[in-house]
Structures are given as structure tokens and as C-alpha cells.
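Below is one structure; the comments refer to it alone.
The values are calculated or read from the model by the stated rules, or taken from the named source; none is laboratory data. If you're wondering where the values come from, they're calculated on a predicted model, not measured in any experiment. FYI the Cβ positions are ideal-geometry reconstructions off the backbone, even for glycines, and counts take in every protein chain you see. Just the protein is used for accessible areas: all its heavy atoms, side chains included, with ligands, DNA and RNA removed. Shrake-Rupley method; radii C 1.70, N 1.55, O 1.52, S 1.80 Å.
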Amino acid sequence: MTAVTAGAAQSAFRRFHRLRRTAALRRLVQETRLDPAALVLPVFVHARASAPEPIPSLPGHLRWPVDRVGDIAGQAVAAGIGGVLLFGLPDQKDDGRAAADPLGPVPAALRAIRGSGAEIALIADVCLCEYTTHGHCGVVRGSEVDNDATLPLLAEAAVTYAAAGADIVAPSDMMDGRVRAIRDALDRAGHAETAILSYAAKYASAFYGPFREAAECAPSFGDRSGYQLDPPNVREALVEIEADLAEGADAVMLKPAGPYLDVIAAARARTDVPIAAYQVSGEHAAISAAADRGWLDRRRAVLETLTGIRRAGADIVITYFALEVAEWLRQR
Ligand code: PBG
């Protein structure tokens with residue numbers, strides 16, 4: 001006896017079109033949905049700005065002075081966005097210690113948003129690159145990044161952000177052992193409840209270019225391929241994820257998103273913790289530039305890329321399109 005296949009009774013072939021006929025039907029059978037609550041908006045806080053200033057490499061985005069950061073947080077809350085991810089541009093760059101300055105832009109912004117009572121997850125990026133004169137993500141000795149000397153600085157920065165009100169700290173530096181160093185330091189300082197979202201698999205990517213302009217953190221010599229993942233590797237990413245979870249990460253991030261959907265899918269198959277994927281500045285730039293030229297339909301292209309990232313297995317998507325996507329989803 002042959003098994004009866006749904007919908008096959010009258011026909012020698014399957015009529016897939018039946019469930020695609022109308023928008024209502026397509027919505028009914030949609031497997032992956034976008035929800036503003038799963039989106040995170042990156043926000044740049046600038047210690048030296050007196051007014052919000054446009055970021056040329058991230059059209060539509062601003063560097064926010066601390067006393068105005070409540071505006072953008074308020075917009076994110078109103079849009080139903082799940083979280084904001086804060087990056088800081090300090091008053092002055094040094095050997096990286098500025099990252100842990102309690103009066104620095106990120107702690108000040110965290111206190112301001114926390115104080116406003118905004119109901120949104122506050123995520124603080126933890127890295128030294130925005131705070132070092134050389135733009136590398138760690139302490140530099142000679143021409144190399146000193147992994148172990150970097151760990152206490154990262155841990156101190158994470159404790160400072162937790163004390164200022166961060167729900168989640170997100171180390172993006174890619175130093176080995178930083179999750180354990182940060183977890184230990186948080187626990188010792190009484191922040192056992194602060195979560196760690198580790199950028200477990202952050203690839204040495206060409207797609208960070210616009211961010212480095214926005215955060216003034218391009219390395220002044222060499223590149224980041226000595227500490228960030230090599231693009232051809234996927235198994236290595238899975239090992240990094242395993243290590244970060246063993247060190248105490250509560251959730252993991254993969255980045256960039258679009259060119260690494262296979263890594264997201266592989267990670268999804270391996271772990272049940274929340275997976276975040278970061279649609280990075282270069283992905284934003286590519287879509288924005290093409291849409292500006294009329295070569296892509298901005299809305300369709302953005303929704304398609306974000307849906308693809310979610311379909312690959314990401315729970316949370318960090319995207320510079322978060323605010324406009326939330327608006328489009330409301331209109332649908
Ligand atoms: C490092 C950091 C970078 C990004 C997020 N955190 C830059 C880098 O590694 O060079 C890139 C994000 C983006 O491109 O949108 N603190």
C-alpha cells in the first residue's frame with residue numbers, strides 16, 4: 001500500500017501553489033517570523049559630542065552624547081525592540097584602561113537609561129579597541145596583542161558596566177579565557193546575576209569597516225586575524241562556542257551574520273542556549289548603498305536578510321535596521 005500524501009489525491013503532482021495563493025495563506029504557513037522583541041539596536045555613545053552627530057559610514061545612525069542617549073533608548077522601547085547594545089567613544093584613548101572608567105560614556109549611558117526606567121535589555125559591548133590609541137582589541141606589546149595581560153582590563157570593564165546597570169555584558173575582543181575572567185570578576189564583585197553574551201565566533205571580516213569608522217577603532221597597524229576567527233573555518237567556531245559555554249557564557253553570538261549562516265545553523269544544531277547573530281555594519285552598508293541607488297528594494301532586502309538569519313537558527317538578531325524593521329512589522 002502506498003502512503004497517502006497530503007493534497008496529492010487528485011493529481012499526479014503536488015500543487016504547492018495552493019498554500020501560496022494569498023497573503024493570508026502565506027502568513028498562515030510562514031515558518032519563520034520576525035518580531036521586534038528579538039532585535040537589538042547598536043547604539044554609539046560619544047563622550048566628546050555635545051549634540052547627536054551623524055555617522056557617515058552608518059547612514060541613519062548617530063553618535064549620541066550621554067545626556068541625549070535616553071532619546072534613542074526611548075525610541076527603541078516605543079518600537080518594541082528587545083535590547084540596545086552600547087558602544088563607547090571615550091574622551092581620550094589610552095592603553096585600554098579607559099574602557100573601565102566608571103565615568104566613561106558607556107557606564108554613564110547605562111546609568112542614564114537605567115535611571116529612566118526604560119524596559120529594555122541593556123547590553124554593553126566589552127572590548128578595548130574603542131579605547132586604545134592603536135585600535136587593537138587588547139593590550140599591545142611590541143607588535144602583538146598580549147592575550148593574558150588583556151584579561152584583567154576586560155574583566156574590570158565588565159564589572160564597571162554591570163555596576164552601572166548592564167543586564168548583559170558582551171565581550172567582543174576575542175581574547176582566549178576572557179569569559180572565565182569576566183565571570184570570576186563579576187561574581188567576586190557581587191554581580192552574579194549579570195549575564196554574559198560572548199561573541200564566541202567573531203570572524204576576521206571585511207564587513208566591520210563602517211563600524212571602525214563609527215567607533216574610531218580601526219587598528220593603526222596590522223589586522224585582527226591573529227585573534228579573530230579565520231573565515232573558512234566552521235568547526236573552529238563550534239569549538240570556540242563550546243569553550244565559551246564551559247567558561248560561563250549564558251548565550252553566544254556569531255558575527256557577521258549574512259556570510260556565516262552555515263555557522264549559525266551548525267551552532268543551532270549543537271547548543272540550546274540563546275544564539276545571537278550580528279548583522280554587522282558592512283552588511284548594513286551594502287544593502288543601504290544598493291537601495292540608495294535603486295538597485296535593491298530596501299524593505300524587502302532587509303526583511304529577507306533578517307528572516308534568513310532567524311531561519312538559520314538565530315534567536316536574537318543585532319541589526320542597524322532594528323528601528324525601521326520594527327516600524328515595518330507594525331504596518332504589516
Ligand atoms: C569590537 C567590535 C567590532 C564590531 C563590534 N565590536 C569591530 C571589530 O572587531 O573590528 C563590529 C560591528 C560592526 O561592524 O557592526 N569592539
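Using R0 = 51 Å, the C-beta based FRET efficiency linking Ala269 and Gln92 works out to 0.65.
Each of Asp223 and Arg235 was given a label point 7 Å from its Cα along the Cα-to-Cβ line. The distance between the two points is 2.4 nm. In sequence order, region 205-217 has phi-based couplings of 10, 6, 7, 8, x, x, 5, 5, 6, 5, 9, 6, 9 Hz under the Karplus curve 6.51 cos²θ - 1.76 cosθ + 1.60, θ = phi - 60°, and Gly or Pro positions carry x. Helical content of the chain, expressed as a calculated mean residue ellipticity at 222 nm, amounts to -11000 deg cm²/dmol (DSSP H runs of 4 or more residues, -39,500 (n - 2.57) each, divided by residue number, nearest 500).
Hey, what angle do you get for helix 105-115 against the long axis of the chain, alpha-carbon based, 0 to 90 degrees rounded to 10? On a 0 to 90 degree scale, this one is about 60. Note on exposure: His61, His284 ranked by accessible area (1.4 Å probe, complete protein assembly) read His61, His284, with the most exposed listed first.
Rounded to the nearest 0.05, the FRET efficiency derived from the C-beta distance between Ala24 and Ala204 at R0 = 41 Å is 0.35.
Considering only beta bridges that DSSP places wholly inside the chain, some 10 percent are antiparallel. The mean sequence distance of close C-alpha pairs (under 8 Å, at least 6 residues apart), as a share of the length of the chain, puts its relative contact order at 17 percent. Ignoring chymotrypsin sites (Phe, Trp or Tyr not before Pro) that are buried or in helix or strand per DSSP, and keeping those with at most 16 other beta carbon atoms within 10 Å, what is the longest stretch of the chain between them? In short, 14-220. Distances between placed amide hydrogens fall under 5 Å for Val140 paired with Asp146, all partners being 5 or more residues away or on another chain. Of the residues Arg332, Arg298, Arg111, Arg224, ranked by 1.4 Å probe accessible area with the largest first, the sequence reads Arg332, Arg111, Arg298, Arg224.
Net length available on complete extension from Asp262 to Glu53 is 71.6 nm, with 0.36 nm assigned per residue and the Cα-Cα distance removed. In terms of its C-alpha gyration tensor, region 35-331 comes out rounded, because the ratio a/c of the largest to the smallest axis stays below 1.5.
Of the solvent-accessible surface of the chain, computed with a 1.4 Å probe over protein heavy atoms with every protein chain present, carbon and sulfur atoms account for 52 percent. The C-alpha atoms of the chain define a longest principal axis, and helix 178-188 lies at about 70 degrees to it. Net charge dipole, region 1-144: roughly 1220 debye, given to the nearest 20, about the Cα centre with Cβ charges of +1 for Lys and Arg and -1 for Asp and Glu. A DSSP coil position with no more than 14 other Cβ atoms inside 10 Å describes the following GluC sites (Glu not before Pro) in region 118-162: Glu119. Going 7 Å from the Cα of Glu216 toward and past its Cβ, which residues in region 134-155 have a backbone nitrogen under 14 Å from where you end up? 134-135, by backbone N distance to the label point. Against the chain, whose longest principal axis comes from its Cα atoms, helix 281-292 is set at around 50 degrees.
Solvent exposure of the chain amounts to 46 Å² per residue of accessible area, where only protein heavy atoms count and the probe is 1.4 Å. The modelled label-to-label distance between Glu193 and Asp297, using points 7 Å beyond Cα along the C-beta direction, is 4.7 nm. Computed with a 1.4 Å probe on the full set of protein chains, the accessible area for Asp176 sits at about 100 Å².
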